[in-house]
Amino acid sequence: MKIVTYNVNGLRQRVSQFGSLLKLLNSFDADIICIQETKLRRQELSADLAIADGYESFFSCTRTSDKGRTGYSGVATFCRVKSAFSSVEAALPIAAEEGFTGLLGCSRKDEAASAVAEGLVEFSREELLKVDSEGRCIITDHGHFVLFNLYGPRAGDGDSERIQFKLNFFKILEKRWESLLCRGRRIFVVGDLNIAPSAIDRCEAGPDFEKNEFRTWFRSMLVESGGHFFDVFRAKNPNRREAFTCWPSNTGAEQFNYGTRIDHILCAGPCLHEEHDVEGHNLVTCHVKECAILTEYKRWKPGSATRWKGGWNIKLEGSDHAPVYTCLREIPYVSEHSTPSLAARYLPMVHGLQQTLVSVLMRRQATKQVKSDVVSSSFPDESIISGGCSHVKRSIANCDVNGTDISCRSLDQDSRNPILKVVGHSEDFKEEAACSTTIVFNEEYARPLPNKRTRKRARKSQQLSLRSFFQKSHNLDDGIENSTNDISTSQTGVLNSNNQSQEAPVMDDHRCGTMQNDTNGISSSQGQEEPDRPCSPTQNNTNGNASSQGQEEQDGSRYLEKQKKSDALLEWQRIQQLMQNSIPLCKGHREPCVSRVVKKPGPNFGHRFYVCARAEGPSSNPEANCGYFRWASTKSRPK
């Protein structure tokens, strides 16, 4: 049996990186895969993130929103099985539990739901709910052992609230472990515990590194300090150095392997052999074949671009952690069992709500009815559009068609040339589902509805390119101008027909007075004579002059716009040059520094500073970061 633990730093991102959840899981070729920091809320769980063919999954998500903490942690356990029902495989758990306090519910038959777990009665319900509210633990019982998939809290220096939370988290967890060990159960603990136990597990650890209270507690749990647990990796690799599983994501530390080992596999309890009193028998000696770090999952790989030589702009795919695995041997089958009820396959947001056969048949019948009532795509003269529907209890005198009130009185105002006619209706509709209104289109206004092919061709022809949005549309301007002239002309014609008694202007051979329509049609509508002007042979000459004048104006505006862009580009280059000149050079390599901003709450929050651009690494390596630091401003900083 192979067990893998991996902090994915966002399950959605890793699934996208590998193409699918199944490809991600299959890449490990493991029987049990424990994932931390899924960054998923419970309502975000979907089949593409939780279900993979051949695997059963179990999730725990954040249940609190304190300080904006929503969807930031979360754990998941995936078990590869041949059958989810009536199986004897040890990889398929016989029971599962979300959290480790017992208050979030479990699938174990001999324990009541929402009951405090054994050994935790000394803690208040509020304390237990608080440590279990961040989605940091999934427990699966595999018969021969109980597996804890953990994501330990992180507590920065000076953050007293998170430090206290982390202390309570591991204190309550330790009580749960002791309770299980007293019952003779074997325990495996895997995950990102956010604790590097010894100086060998941290790059360039200081002299006080091992005095940290959490590291002290971790080492007290190990067998060499009188505890019950084996650090499986150190048991198999006792003297291996620079064996790290996590690297800072913003300093490029992976390039020089400048990291820490905080992802662990621990185990406790007797071996599976019957001779328990035989000296030297334990889980590690008898059943652990190997334990190693899967460094091929690191984001930075040999041959990748150097970060400080243009590589900072290259996005590295992957998590800032590396998976850790262990292979177990001589793990026998268990009694026949099925997938626990806590599995993701039973979550409503994953598999959906159960549907009845009647609801499916009703939907099919409704679909057929809609298809049968589709309106014909072509109309003859005096076409009739009738909507097939049921009767509604209301008068046609005020019938609502598509949300618009059409009254009979308004339709009869111009009976000589109606646009719409209500052909037939009853006095009173009976109450049913919908309104049946028959509308007649006059021949002049009726248009056949386009068929599907015509609509598709029209949409394709109307599709615009990205470039067209940044170019001035000449056709649009011309169309507006032409439509304005058409409107003014039509208005003039109507008004002139009403003013036939007025005298027509006198024309001579050399000068002609015409009723010219201006853009607004004002002079024509008033029936006034315009001053005499030279008579042009055709109106096209006038239009040609106006067109050439408009073209000159457009060329001038284009030139001004181009000049503005050129000036803006020169100004931006000047600003960039000033910024480049203001960036200091690091003393170690005489290279331009990179600027960063203080994000930690405190007196310097939000202030910008400069540091060496090279990747973080050992101080003995001259190619690594030289440690240069300078504030961006020499002015006194506010306190």
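What is the diffusion coefficient of region 162-290 in µm²/s, taking the Kirkwood radius over Cα pairs and the Stokes-Einstein relation at 37 °C with a viscosity of 0.692 mPa s?
Numbers: Rh = 16.1 Å.
Value of D from the Cα-based Kirkwood radius: 204 µm²/s.
I'd like to compare 336-346, 13-23, 146-156: which one has the highest average count of other Cβ atoms within 10 Å, and what's the full order after that? Don't jump to the answer; show the numbers that get you there.
Numbers: 336-346: 18.0, 13-23: 15.1, 146-156: 20.4.
Going by the mean number of other Cβ atoms within 10 Å, highest first, we get 146-156, 336-346, 13-23.
Apply 1/(1 + (r/R0)^6) to the Cβ-Cβ distance of Leu167 and Lys599, taking R0 = 25 Å, and write down the FRET efficiency to the nearest 0.05. Don't skip to the end; give the middle numbers.
Working: r = 25 Å, r/R0 = 0.99.
Working from the Cβ atoms, E equals 0.50.
So if I restrict to the alpha-carbon atoms in region 1-72, what is the Rg, and what is Dmax, the biggest pairwise distance, in Å?
In order Rg, Dmax, the Cα atoms of region 1-72 give 12.6, 41 Å.
For region 39-85, compute Rg over Rh where Rg is the Cα radius of gyration and Rh is the Kirkwood radius from the inverse mean 1/r over Cα pairs. Walk me through the numbers before you get to the answer.
Working: Rg = 12.8 Å, Rh = 11.8 Å.
Using Cα coordinates only, the ratio equals 1.08.
Using packing as a proxy for protection, rank 84-90, 34-40, 157-163 so that the peptide with the highest average count of other Cβ atoms within 10 Å comes first. Kindly include the intermediate steps, with their values, before the conclusion.
Working: 84-90: 15.6, 34-40: 26.3, 157-163: 11.4.
Packing proxy ranking, top to bottom: 34-40, 84-90, 157-163.
Around Leu283, under 13 Å between beta carbons, what's the net of Lys plus Arg minus Asp minus Glu among the other residues? Please report the intermediate quantities before stating the final value.
Details: positive: Arg185, Arg186, Lys236, Lys289, Arg329; negative: Asp231, Glu330.
Around Leu283, the charge tally is +3.
Given R₀ = 30 Å, what would the calculated FRET efficiency be for Glu336 paired with Cys286, taking r from the Cβ atoms and rounding to 0.05? Show your work: numbers first, answer last.
Numbers: r = 26 Å, r/R0 = 0.85.
Efficiency, from the Cβ-Cβ distance: 0.70.
Rounded to the nearest 10 Å², what accessible area does Glu571 show when all protein chains are kept and the probe is 1.4 Å?
Solvent-accessible area, nearest 10 Å²: 80 Å².
What is the spin-label model distance, in nm, from Ser619 to Arg558 if the labels are put 7 Å beyond Cα along the C-beta direction?
6.5 nm
Quick check on my link table: of Lys175/Lys236; Lys2/Lys39; Lys23/Lys600, which ones sit more than 32 Å apart, alpha carbon to alpha carbon?
Working: Lys175/Lys236 27 Å; Lys2/Lys39 25 Å; Lys23/Lys600 38 Å.
As for pairs spanning more than 32 Å Cα to Cα, those are Lys23/Lys600.
Expressed in whole Å with the largest first, what are the equivalent ellipsoid semi-axes of region 1-144 derived from the C-alpha gyration tensor as the square root of 5 times each eigenvalue?
Working: eigenvalues 131, 87, 24 Å².
Equivalent-ellipsoid dimensions as semi-axes: 26, 21, 11 Å.
The values are calculated or read from the model by the stated rules, or taken from the named source; none is laboratory data. Just so we're clear, the structure is a prediction, and the values are computed from it rather than from any experiment. Virtual Cβ from ideal backbone geometry, glycine too; neighbours counted across all protein chains shown. Protein only, heavy atoms only, side chains kept; ligands, DNA and RNA dropped before computing areas. Shrake-Rupley method; radii C 1.70, N 1.55, O 1.52, S 1.80 Å.
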